[in-house]
Amino acid sequence: MSKQLIQRTPLLTGEDVNTKREEIRSYFHATLDCYEQLFKTLRNTQAYYTKSISLRHPLIFYYGHTATFFVNKLILAGLITERINPKFESMFAVGVDEMSWDDLDNTHYEWPAVEEVAEYRRKMRAMVDKLISDLPLALPITWESPFWPILMGIEHEQIHLETSSVLIRQHTMDYVQPHEQWRPCQKTSAAPANELIPVPAGTIEIGKNKSSHMHYGWDNEYGRHRADIAAFQASKYLVSNQEYRSFVDANGYQSDDYWEEEGLSWRNFSKAGHPAFWLKKGNDWHMRTMTDEIPMPWDWPVDVNYHEAKAFCNWKAKSTNQPVRLPTEDEWYRLYDVAGLAEVPHGKPAVGNLHLDYYASSCPVNEFQQGEFYDIVGNVWQWTETPTYPFEGFDVHPLYDDFTTPTFDNQHNLIKGGSWVSCGNETLRSSRYAFRRHFYQHAGFRYVVSDAPAVLQASNYETDKLLSEYAEFHYGDTYFDVPNFPKTLAEMAITAMGGRPAHSALDLGCASGRSTFELARHFEQVTGIDFSARFIGQGVQLAQQGVLRYTLTDEGDLVFYKERTLNALGLESVKDKVEFYQGDACNLKPLYTGYDLILAANLIDRLYEPSKLLNTIHARINMGGLLLIASPYTWLTEHTKKEHWIGGYKRDGENFTTLDGLKAILGQHFKLIQGPQSVPFVIRETSRKHQHTLSEVTIWERVS
């Protein structure tokens with residue numbers, strides 16, 4: 001890689017607004033330049049359209065995804081009003097992790113040409129560059145600043161710089177080529193013998209404060225966490241390929257005893273017999289870097305997933321009779337503090353193989369000393385025992401409410417320290433990234449020896465106040481004799497269907513999914529779509545596990561625990577007929593069409609431009625099919641700018657209601673066959689505070 005340093009993530013503070021604008025502009029363009037340069041390592045056009053692994057989209061998706069992220073977030077923030085390419089901004093919006101609401105089915109997509117996406121990226125670049133010049137800027141930059149979504153987009157692209165480099169590394173050699181700006185390390189020799197270094201007991205404090213922190217951060221970095229750490233020992237070096245080979249040679253992959261239950265299932269499914277980037281050529285081992293296959297550098301850190309790292313630790317514990325395990329996140333922070341580390345400097349190279357300052361690959365585990373240890377930061381990420389969890393005081397940013405919350409599932413473990421390609425926010429002490437335990441990143445591990453058990457913070461109960469309220473709203477008790485609202489709407493829709501075909505239904509704005517399940521009593525297949533993956537996760541959890549657990553506020557800090565099951569709700573038999581996806585109702589993917597019914601509950605007055613949905617929704621419903629709209633018509637400028645309201649204002653001096661607006665828009669293709677009818681609903685906030693609302697229901701039949 002060029003010796004010119006990759007620009008560091010900007011400080012949120014400064015003395016001069018114009019200087020800060022130019023710093024952010026430079027960071028924006030440098031990040032996009034680096035990302036686009038990464039794709040020069042692809043050998044041919046077909047490399048963009050062939051999946052590296054089945055659990056990810058082809059690379060053309062990621063080439064477009066980071067650009068559409070900017071547009072979609074800026075639309076959501078109200079900083080722009082016109083899209084660049086609505087088709088791209090739907091196609092490239094979602095599909096980066098194997099969540100149930102991601103649509104990774106290639107048959108649904110006609111991917112555009114590479115040059116079309118490149119041109120789209122150029123248009124996005126020009127648009128954001130102009131915003132950087134024109135938007136108001138006050139220092140320090142805060143969550144509420146119009147510059148926050150711009151920083152969010154840049155740091156999001158930095159994340160995909162790394163994850164895309166992993167996908168390129170997983171491509172077959174036919175699809176990649178060496179590149180002058182992405183040269184791997186050339187150093188290798190005999191691996192050093194690892195040893196244990198004592199770490200004294202101490203206290204760690206982590207978490208960010210919104211009002212005082214100096215750098216951009218993702219939601220899971222904010223809040224407070226303090227822990228007392230017992231003394232432990234930690235390996236001086238990351239586990240090298242040579243050290244890990246001892247486990248391979250000891251038949252570690254064939255010995256079930258070393259593998260946790262989940263890891264054993266992964267090993268049996270994958271039929272793994274060695275790390276994924278190891279290659280056997282004759283009697284010799286080689287290793288796959290991003291663009292090359294090289295003789296095995298035994299002194300480089302091994303790249304493994306969590307299950308392999310954990311199995312190694314179990315093997316080492318058994319063979320040494322010591323309590324060997326992976327470090328917790330808290331213990332990694334203790335190592336960081338003991339090593340005397342600080343943030344990556346702005347004007348000189350990092351003290352580790354980090355931020356593309358040295359190589360486009362790992363390097364020997366004994367090259368970068370940090371205190372008594374090596375590679376506490378840099379070289380490869382380090383797996384921890386800790387499933388990601390929210391700090392006390394955690395809050396989600398309204399522009400990206402599903403960055404972290406879908407990973408609070410005890411299935412995503414935190415990785416720490418960064419790798420050779422980690423840039424921007426990823427290099428900060430405060431960064432918190434988590435991956436599914438069977439995934440490959442540029443990640444390895446170090447081990448610790450400790451008599452103290454690994455303290456895990458995860459909870460099986462949903463504690464987010466809004467999500468808990470919606471869980472109760474959809475699946476909980478009845479209050480003040482008001483029937484369950486999502487169930488009532490589904491029953492109204494089913495009754496209105498009469499003898500019409502009932503093959504497929506769409507629950508648009510499904511939230512936690514109760515109507516989706518209830519519609520499946522009548523329809524052969526029901527799709528639930530919501531903008532928020534946080535809400536969808538509740539429906540997904542019920543469909544997959546049959547149970548939903550959450551806390552409800554009694555008063556003040558007092559809560560009680562609730563559990564709901566599909567079986568108790570009489571919905572167990574329909575769970576295989578439902579599916580949940582994330583989507584923008586104003587810019588839905590073309591594949592969501594051909595429905596006999598669409599239910600849109602309490603949705604239209606929360607959309608940024610409801611006419612975009614209402615003017616096109618007829619094309620998604622079969623002739624003679626029904627559209628049920630329910631809404632309290634609570635028009636708020638925080639959700640919908642006033643010029644996009646479809647009613648609730650004076651027109652030509654007369655009242656123009658939302659129903660008037662619905663008739664004007666829908667009347668071109670629909671006939672109103674039922675309603676308007678007021679249907680009440682109650683949302684419980686605490687034991688003594690409830691919201692009582694009336695939603696107006698209209699049912700429309702498509703006639704043209």
The chain, relative contact order [Cα under 8 Å, separation at least 6], %: 12
With each label point set 7 Å from Cα along the Cα-Cβ vector, what nm distance links residue 545 and residue 692? 3.5
Between (i) 32.4; (ii) 34.0; (iii) 52.7, which matches mean projected area of the Cα convex hull in nm² calculated for the structure shown? (i)
Amide H to amide H under 5 Å from residue 580: which residues, 5+ apart in sequence or cross-chain, H placed 1.01 Å off N in plane? 528
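For the chain, what % of the accessible area comes from carbon and sulfur atoms, probe 1.4 Å? Each step should come with its number before you reach the end.
On the way: 13490 of 27790 Å².
Result for the chain: 49 percent of the exposed heavy-atom area is carbon or sulfur.
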For residue 229, the residues 5 or more places away or on another chain with a placed amide H closer than 5 Å to its own amide H are 202, 203, 204
How far apart, in nanometres, would the label points at residue 294 and residue 205 be if each is projected 7 angstrom from Cα along the Cα-to-Cβ direction? 4.3
Given only helices, namely DSSP H runs of n ≥ 4 each adding -39500 (n - 2.57), what is the per-residue ellipticity at 222 nm of the chain, to the nearest 500 deg cm²/dmol? -8500 deg cm²/dmol
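Let me know the shape class of the range 234-385, please: from the alpha-carbon gyration tensor, a ≥ b ≥ c as square roots of the eigenvalues, rounded when a/c is under 1.5, otherwise prolate if a/b is greater than b/c, or oblate.
Details: a/c = 2.13, a/b = 1.33, b/c = 1.61.
Since a/c reaches 1.5 but b/c is at least a/b, the shape of the range 234-385 is classed as oblate.
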Between residue 240 and residues 5 or more places away or on another chain, the pairs with built amide H atoms under 5 Å apart involve 302
At a Förster distance of 45 Å, what's the computed FRET efficiency of residue 174 paired with residue 346, Cβ-Cβ distance as r, to 0.05? 0.65
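Using Cα-Cα distances under 8 Å and only pairs 6 or more residues apart, what relative contact order does the range 620-704 have, in percent? Before the final figure, lay out each step's value.
Values: 122 pairs, mean separation 34.9, N = 85.
Relative contact order, the range 620-704: 41 percent.
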Hey, quick one: spin label on residue 452, modelled 7 Å out along Cα-Cβ, who in the range 224-244 has an amide N within reach, i.e. under 11 Å? 227-233
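Take the Cβ-Cβ distance between residue 480 and residue 54 as r, set R0 to 51 Å, and report the resulting FRET efficiency rounded to the nearest 0.05. Please list the in-between numbers first.
On the way: r = 50 Å, r/R0 = 0.98.
Efficiency, rounded to the nearest 0.05: 0.55.
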Apply the Karplus curve 6.51 cos²θ - 1.76 cosθ + 1.60, θ = phi - 60°, to the phi angles in the range 264-272 and return the couplings in whole Hz, x for Gly and Pro. 5, 4, 5, 4, 5, 6, 7, 6, 5
If R₀ is 41 angstrom, what is the calculated FRET efficiency for the pair residue 554 and residue 260, using the beta carbon separation as r and rounding to 0.05? 0.65
Using the Karplus curve 6.51 cos²θ - 1.76 cosθ + 1.60 with θ = phi - 60°, what ³J(HN,Hα) values do you get for each residue of the range 204-209, in whole Hz, with x for Gly and Pro? 10, 10, 9, x, 10, 10
Mind giving me the nanometre distance, one decimal, between the label points for residue 44 and residue 500, set 7 Å out from Cα along Cα→Cβ? 5.0
A correct Karplus calculation of ³J(HN,Hα) over the range 408-416, with 6.51 cos²θ - 1.76 cosθ + 1.60, θ = phi - 60°, whole Hz and x for Gly and Pro, returns 7, 10, 6, 10, 10, 9, 6, 10, 10
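So, for the range 563-670, what is the accessible surface per residue at a probe of 1.4 Å, expressed in square angstrom? Numbers along the way, then the final one.
On the way: 4720 Å² over 108 residues.
I get 44 Å² per residue for the range 563-670.
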My understanding is that a pair violates if its Cα-Cα distance is over 29 Å; which of 271/318; 575/671; 310/589; 236/348; 487/562; 577/663 do that in this structure? 575/671; 310/589; 577/663
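The values are calculated or read from the model by the stated rules, or taken from the named source; none is laboratory data. The structure displayed is predicted, hence computed values, not measured ones. Every residue, glycine as well, gets a Cβ built from its backbone with ideal geometry; the counts of neighbours run over all protein chains shown. Side chains included, ligands, DNA and RNA excluded: accessible areas come from the protein's heavy atoms. Shrake-Rupley method; radii C 1.70, N 1.55, O 1.52, S 1.80 Å.
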